[in-house]
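K.L.:
Sharing a structure, written as structure tokens. Questions coming.
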Amino acid sequence: MPAPGTQGFTLTEVLVTVAIVGILSAIALPNYFTSVQRTRQADVVGQISQIQTTIQAYADEFLAVPTSWNQLARLAPVMGNSGAVTGANLSAFDSPNGGSYSISAVSSGNTFSITATPKQASLANWNIKACVNISNGVSQVQRGSGSSPAANAVCPDTAT
């Protein structure tokens, strides 16, 4: 019991409190950072799904293979970190969630491959690979888990 007229905590009480806070932080912070990265990845997956849908809609509407962001913008603008993405080709752009991912699309015949790569090299296993085949509508999205990268997305010419 403290002497009359003294206030405050003892050094032992302060050290125990700091130790408890440190242990709780060591447990909670990695989970928090994983949750933040999962949320960013889910946001970009939503954007990629929109791009897949817009590519398919363009092919259905104009009976042609889209070759640029400008063409896709005729149906629905694709948003990037600095506004609507424009360009005479499908060059890479920064994701709208603070630019944490670089998104790019490449076409090979009727199949489009869309990739999203985290800007931070240490987050490379949170990547996203997607594809859409405009001849049959097959699409797929693969996500990296944080511990392993995304598998290749496969969109064959025949639906199975």
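A short reminder: the numbers here are calculations on the coordinates, not readings from a lab. The model shown is predicted, which means the values in this text are computed figures rather than measured ones. Using ideal geometry, Cβ is built from the backbone for each residue, glycine included, and neighbour counts are taken over all protein chains shown.
K.L.:
Any chance you could count how many residues in segment 106-128 are within 20 Å of Ala57 (Cα to Cα) and not hydroxyl-bearing (Ser, Thr, Tyr)?
P.N.:
5
K.L.:
Ser49 is checked against (1) in contact (Cβ under 8 Å) with a residue 24 or more places away in the chain; (2) surrounded by 14 or more Cβ atoms within 10 Å (Cβ to Cβ); (3) farther than 21 Å from Cys155 by Cα; (4) of a type outside the set (Phe, Trp, Tyr) and fails just one. What number does that condition carry?
P.N.:
Every condition holds for Ser49 apart from (3).
Residue by residue, here is whether (1) in a loop (DSSP other than H, G, I, E, B); (2) in contact with a Phe, Trp or Tyr (Cβ under 9 Å, 6 or more places away or on another chain); (3) crowded, with 20+ Cβ neighbours inside 10 Å holds:
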{"position": "Pro77", "(1), (2), (3)": "yes, yes, no"}
{"position": "Thr86", "(1), (2), (3)": "yes, yes, no"}
{"position": "Leu90", "(1), (2), (3)": "yes, yes, yes"}
{"position": "Gly98", "(1), (2), (3)": "yes, no, no"}
{"position": "Ser102", "(1), (2), (3)": "no, yes, no"}
{"position": "Ala105", "(1), (2), (3)": "no, yes, yes"}
{"position": "Ser113", "(1), (2), (3)": "no, no, no"}
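K.L.:
Then there's this: Which of the residues that make up segment 83-127 are within 14 Å of Pro66 (Cβ to Cβ) and of a type in the set (Val, Ile, Thr)?
P.N.:
Val85, Thr86, Val106, Thr111, Ile114
K.L.:
Might you let me know whether segment 27-35 holds any residue that is closer than 19 Å to Gly144 by Cα and touching a strand residue (DSSP E or B) at 6+ places or on another chain (Cβ under 6 Å)?
P.N.:
No, because not a single residue in segment 27-35 is closer than 19 Å to Gly144 by Cα and touching a strand residue (DSSP E or B) at 6+ places or on another chain (Cβ under 6 Å).
K.L.:
If I filter segment 52-71 down to residues being without any contact (Cβ under 8 Å) to a residue 60 or more places away in the chain and either among the aromatic types (Phe, Trp, Tyr) or touching a strand residue (DSSP E or B) at 6+ places or on another chain (Cβ under 9 Å) (or both), which single residue comes out as farthest from Ala105 (Cα to Cα)?
P.N.:
Looking at the filtered set, the residue picked out is Phe62.
K.L.:
Okay, next question. Among the residues of segment 1-45, how many are exposed (fewer than 12 other Cβ atoms within 10 Å of the Cβ) and closer than 30 Å to Val132 by Cβ?
P.N.:
So the count comes out to 3.
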